[in-house]
Amino acid sequence: MGSLPNYKEILDLFKKGANLEAQEKIMELRERALEFQEENLKLRQNILKLQAEISLEHSLNFDGDVYWKDMKGNKEGPFCPKCRDTRSKIVHLHSDGIGWYCYTCSLHFGPSDKY
């Protein structure tokens with residue numbers, strides 16, 4: 001992205017009678033404005049995504065074995081600590097009748113009377 005045409009530059013072109021060139025500069029400004037709007041939208045979406053990740057991060061609690069998510073007083077989970085700690089992924093553990101099993105990393109937790 002080069003420099004943007006400025007107001008004075010466009011006004012000077014109109015004063016010189018170079019209307020076509022001035023209109024081209026205005027079109028360039030419009031195109032750049034659209035590019036900035038698209039970039040702004042992408043940045044806003046990234047911010048929302050990061051805010052959601054931060055919110056999730058603050059709602060996770062580690063009980064010494066697995067992660068649990070605090071949802072306004074209700075516990076959700078458990079979640080795999082290996083997937084969370086090594087890959088920053090929040091992966092539900094599944095009960096296998098004995099303990100908890102992670103289908104993603106094959107880690108097993110239990111048996112334990114905590115759960």
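Only the coordinates and a few stated rules stand behind these numbers; no lab work does. No experiment lies behind these values; they were computed from the predicted model shown. Note that we place each Cβ from the backbone using ideal geometry, even for glycine, and neighbour counts take in every protein chain shown.
Looking only at segment 8-63, which residues are among the β-branched types (V, I, T) and under 30 Å from K75 (Cα atoms)? Hits for segment 8-63 are I47, I54. Note on segment 49-101: enclosed strands (runs of 3 or more DSSP E) holding 2 or more residues that are loosely packed, with under 12 Cβ neighbours inside 10 Å and out of contact with any Gly (no Cβ under 9 Å at 6 or more places or on another chain) are 74-79. Residues in segment 67-94 that are closer than 14 Å to C105 by Cα, touching a residue at least 12 places away in the same chain (Cβ under 8 Å) and touching a helix residue (DSSP H, G or I) at 6+ places or on another chain (Cβ under 9 Å): K89, I90, V91.
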